[in-house]
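Reviewing the structure listed below.
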Amino acid sequence: MESLVNFSAMGELWRRFWGAVAFYTILPVPPGAAVRQVAVWAPLIGLWLGSLLFLADGFLTPMPLLPRSGLVVTLGLVLTGGFHLDGVIDAADGWAVPDPERRLAVMRDSHTGAYGVMAGCLVIVLKIIALGSLPTARFWLLTGAMGWGRWGQVAAICLYPYLRPEGKGKIHHQEPLPWQWLPGLLLLLAWGGLWWKMTGQIAAPLALTGWGLGLALGVGGGVHWRLGGHTGDTYGAVVEWVETLCWCAMTRFVSG
């Protein structure tokens, strides 16, 4: 009987994992996926997506580095359905509004303002330039930045209030897991150790781990300071900005 219970629990975890894949990507999933408590899986999804992008990057190796990086960034947007970039755009429009009472209404508006366009373009351009400046260790950089970006979202979910009575980010608070920030943090620390063990490097893994953790907490905290909490849009903005700034920071350590 105990083995049957354990098997049932493992099956539920498996269904929730595929539910997270369905929530965060456009990839097909098996029937029966359970879209519940998906945020705890987000860092693992980031590592997985980064691995897929690395495979695509290898396939495109004959191309020069900059256009290859542009295609990799584009594929990342395709695989996520632009889910998080949309958050960057909406959050920037709300961030720019001086009146605190109007910020959430502006972010909910389907029309895109000038600040949203600028922020979205800036993220894409910075990603392409930064990734195009990183000719080596691309597997670790793709997976690490995408993992830390999604851990930043989990940290924001756990640390700060949700500002809307409903919305696309409300799913993360329907069945809250106060400890859900911990598995992803341990996973990413182990990822940094694996990089060190497999390559013999120490400075780059430590740098990306430190920047990833600091940016994840700093970006989420900055949004809370400005808006008083978070929404589904700002969760997406945290993901994109932490990813982007991690790659930009790593140009200090990995260069041609």
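The values are calculated or read from the model by the stated rules, or taken from the named source; none is laboratory data. Quantities reported herein were computed from a predicted structural model and do not represent experimental measurements. Cβ coordinates were reconstructed from backbone atoms using ideal geometry, including for glycine residues, and neighbour counts include every protein chain displayed. When the accessible area is computed, the model is the full protein with side chains, heavy atoms only, and any ligands, DNA or RNA have been set aside. Shrake-Rupley method; radii C 1.70, N 1.55, O 1.52, S 1.80 Å.
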Exercise. Residue check, LEU134 against (1) under 28 Å from ARG252 (Cβ atoms); (2) aliphatic (A, V, I, L, M); (3) surrounded by fewer than 20 Cβ atoms within 10 Å (Cβ to Cβ); (4) over 19 Å from the mean Cα position of the chain (by Cα), all met but one. Which one?
Worked result: (3)
For this session: Kindly check whether there is at least one residue in region 110-117 that is at pLDDT 90 or above, more than 30 Å from MET10 (Cβ to Cβ) and not in a helix (DSSP H, G or I).
Result: no
Seminar exercise, completed: Of the residues in region 192-202 that are outside any loop (DSSP other than H, G, I, E, B) and among the aliphatic types (A, V, I, L, M), the one that is least open to solvent (accessible area, probe 1.4 Å) is LEU194
Exercise. Filtering region 148-191 down to residues that are among the small types (Gly, Ala, Ser) and open to solvent by 30 Å² or more (accessible area, probe 1.4 Å), which residue is nearest to VAL40 (Cα to Cα)?
Worked result: ALA190
Exercise. Restricting attention to region 137-147, which residues are in contact with a Leu (Cβ under 6 Å, 6 or more places away or on another chain) and surrounded by fewer than 24 Cβ atoms within 10 Å (Cβ to Cβ)?
Worked result: THR143
For this session: Please find, within region 30-82, the residue that is most open to solvent (accessible area, probe 1.4 Å) out of those that are under 14 Å from GLU243 (Cα atoms) and hydrophobic (A, V, I, L, M, F, W, C).
Result: LEU77
For this session: Scan VAL125, VAL72, VAL154 and give me the residue that is within 13 Å of the chain's Cα centre (by Cα) and at pLDDT 95 or above.
Result: VAL154
For this session: Among the candidates VAL219, VAL254, VAL238, VAL242, single out the residue that is closer than 17 Å to GLY149 by Cα and either outside any helix (DSSP H, G or I) or open to solvent by 10 Å² or more (accessible area, probe 1.4 Å) (or both).
Result: VAL219
